[in-house]
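What follows is a single structure, written as structure tokens, with notes after it.
The values are calculated or read from the model by the stated rules, or taken from the named source; none is laboratory data. Small disclaimer: the values here were computed from a predicted structure and weren't measured. Cβ: placed from backbone, ideal geometry, glycine included. Neighbour counts: every protein chain shown. These accessible areas exclude ligands, DNA and RNA; they are computed on the full protein's heavy atoms, side chains included. Shrake-Rupley method; radii C 1.70, N 1.55, O 1.52, S 1.80 Å.
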Protein chains: 2
Amino acid sequence: VNELEAIARITRRSASPLLGDDCAILRPRPGEDLLVTTDLLLEGVHFEPGKLSARDCGWRALARGLSDIAAMGGAARWCFVSLALPEWADARWLDGFYDGLLALARAHRVQLAGGDLSRTATFACDIVVLGAVPRGKALRRDGGRSGDLICVSGSLGRAAARGYRDRPEPRLALGKLLRSRLKATACLDLSDGLALDLHRLATASGLAAELDASLPIFPGASLDQALHGGEDYELLFTVAPSCKLPATLAGLPLTAIGFLRPGAPGSLLLCGQPLAPHGWDPFQATKRGRKHTGKPL
Amino acid sequence: VNELEAIARITRRSASPLLGDDCAILRPRPGEDLLVTTDLLLEGVHFEPGKLSARDCGWRALARGLSDIAAMGGAARWCFVSLALPEWADARWLDGFYDGLLALARAHRVQLAGGDLSRTATFACDIVVLGAVPRGKALRRDGGRSGDLICVSGSLGRAAARGYRDRPEPRLALGKLLRSRLKATACLDLSDGLALDLHRLATASGLAAELDASLPIFPGASLDQALHGGEDYELLFTVAPSCKLPATLAGLPLTAIGFLRPGAPGSLLLCGQPLAPHGWDPFQATKRGRKHTGKPL
């Protein structure tokens, strides 16, 4: 497949003509803040080619970016896909990749607006997603206050227990409702594991976090997988203690699992015991699989 | 270098604290269209690590994106850098890469607003640049009209003649003036060689292009390098035949090199002879160097 053929194949799969000018031209609506996120998906780090279908690879590449928009309480609008393709990624593989990616894009009304293509030795994909939130209303990780309830959607450790084989579902509808209905004070998506991501939220908010025994562990997952397994892509968020947490929102169970309190910023307690903020670190990933870091980030 | 150290090193080099939330939050001004471009810079395709310093590598990565914004007549505002780093890219190399990138960013008042970092086997960088133009005023490649003069800035073949060793200077000031003062009808940047890029402009505009003998060839460059060598990053643009082309603009010489006329869209003539639209194609690049494609794109 050469560059022109690749572009033609992608354009056929996309609803809109893709390429042409040096930049995509976007017209965000007034009164909105623009959200931008970039996410790498790399052969040997985030996936092994033989173990993930082309469609699942495309789905996963976009899901990572959409999940970041969800965590800010935003609506996703546009995506850009930059692909460095090795020899094994032939025309059929490329078709599958974009079919998977565009299936997820369509489900969330996200428009493929551009990207870059090249040959290389090792597959690399960089996904850029642009989204929007009402001005000044983005959910951030630094907004947690002392006494706020720490909550999660869905269950924890599912991806690790299943060997990271699922198609993750970005929680965009939930993120919007956390912002508009529950007035969440802070939020991020569980991409790198509860312990590490909660450590990040608590550090940014300048508080300690205390977890109780109410973790919604995915059936079959171990406590270790629930605490330190990445790629669950559920939302971790905090709400005011006065918030009446619904049992479900956007079709997902919500569980209060602890609270923020004064203390060493980012320090974690689980049932009164210190909990190390271990999780997924791409700098520690090996060819043989995902590795949890021993170093506090 | 681990992820946290890498982020700390980048933050120290950047004027603003970089990382934290899942997305960067941008607030474009009303009345503007947003421009977005993504550009890959890959080891073995766009550069060889031993032959390009870390600083030049960082500079070049951003220059590619800024040049795309220049070609649309826009102002660059924000950049995002996603880096997949192999073992040879140590902390010192990373420092140099960002020093080079940020030197160029500062020169054009572009803010580093985020990115992604990972380890990998082969170096890959994806640069995203966001810019802006007054609403509806972006220069596009499909606006050329029959009779329009074809013009270029600077000289052609310089990068090829010098072995692609220069730090390319994105023509942002010129692009803005082409839009606002000369009312250019179409524009793109010469990233892949005059013949190929002019072929793209003419194809998009539905016209043929005729070049005369007035090409501003860089001293020491061959005609082949001027026509088919990439990475000059000068601007190729068209203006109405009534336009009084200044000798220089934004400090750069401007040269009229031909005109658009009715004919097979994208077909090229040089001094009356057919000219093949050969140029730089990343799908044809080899480890041993840049290769010109024999296939018409």
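Table for the structure above
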quantity: Per-residue HN-Hα couplings for region A:220-225 [Karplus 6.51, -1.76, 1.60; θ = phi - 60°; Hz; x = Gly/Pro]; calculated: x, 7, 7, 4, 4, 5
quantity: Cα-based Rg and Dmax for region B:148-236, where Dmax is the largest Cα-Cα distance (Å); calculated: 12.7, 35
quantity: Dipole magnitude of region B:92-199 about its Cα centre (Cβ charges: Lys, Arg +1; Asp, Glu -1), debye to nearest 20; calculated: 500 debye
quantity: Accessible area that becomes buried as A packs against B, both chains, 1.4 Å probe, Å², nearest 100; calculated: 5300 Å²
quantity: Cα centre as origin, Lys/Arg/Asp/Glu Cβ charges: the protein assembly as shown dipole, Debye; calculated: 1260 debye
quantity: Ordering of B:73-83, B:267-277 by packing [mean C-beta count within 10 Å, highest first]; calculated: B:73-83, B:267-277
quantity: Using alpha-carbon coordinates, inclination of helix A:194-205 to the longest axis of chain A, degrees; calculated: 70 degrees
quantity: With every protein chain in place, region B:145-285: carbon and sulfur % of accessible area (1.4 Å); calculated: 55 percent
quantity: Under 5 Å, built H, 5+ apart or other chain: amide partners of B:THR185; calculated: B:THR238, B:VAL239, B:ALA240
quantity: Average other protein chain Cβ within 10 Å of Cβ, residues B:81-93; calculated: 2
quantity: Sites A:ASP212 and B:ARG135 - FRET efficiency at Förster radius 56 Å, r taken between beta-carbons, to 0.05; calculated: 0.60
quantity: Dipole-positive endmost among A:LEU101, B:GLY136, B:PRO262 within the protein assembly as shown (Cβ charges, Cα centre); calculated: B:GLY136
quantity: Rounded to the nearest 10 Å², the accessible area of B:LYS176 at probe 1.4 Å; calculated: 80 Å²
quantity: Given charges at beta-carbon only (K, R positive; D, E negative), |dipole| of chain A in Debye; calculated: 760 debye
quantity: Angstrom value of the Kirkwood radius, inverse mean 1/r, which spans all Cα pairs in chain A; calculated: 19.8 Å
quantity: Where Cα atoms sit under 18 Å apart: lysine pairs in chain B separated by 8 or more or lying on different chains; calculated: 6
quantity: From the C-alpha gyration tensor of region B:110-172, square roots of 5λ in Å; calculated: 30, 22, 12
quantity: Amide hydrogen neighbours beyond the local backbone of B:ALA208, cut-off 5 Å, H modeled; calculated: B:ARG261, B:GLY263, B:GLY266
quantity: Net length gained if the chain between A:ALA103 and A:ASP224 were fully extended (0.36 nm per residue, minus Cα distance); calculated: 40.3 nm
quantity: Column: log10 I(q)/I(0), Debye, Cα scatterers of region B:57-150, q = 0.17, 0.19, 0.25 Å⁻¹; calculated: -0.76, -0.87, -1.26
quantity: Rounded Å value of the spacing that divides the Cα centres of region A:190-239 and region B:83-123; calculated: 30 Å
quantity: Helix-derived mean residue ellipticity, 222 nm - over chain A, DSSP H n ≥ 4, -39500 (n - 2.57), to 500; calculated: -8000 deg cm²/dmol
quantity: Accessible solvent surface per residue of the protein assembly as shown, calculated while the other protein chains remain in place, 1.4 angstrom probe, Å²; calculated: 37 Å²
quantity: Compactness index (Cα Rg / 2.2 N^0.38 Å), region A:55-99; calculated: 1.34
quantity: Base-10 log of normalised Debye intensity for the protein assembly as shown (one unit scatterer per alpha-carbon) at q = 0.06, 0.10 Å⁻¹; calculated: -0.32, -0.83
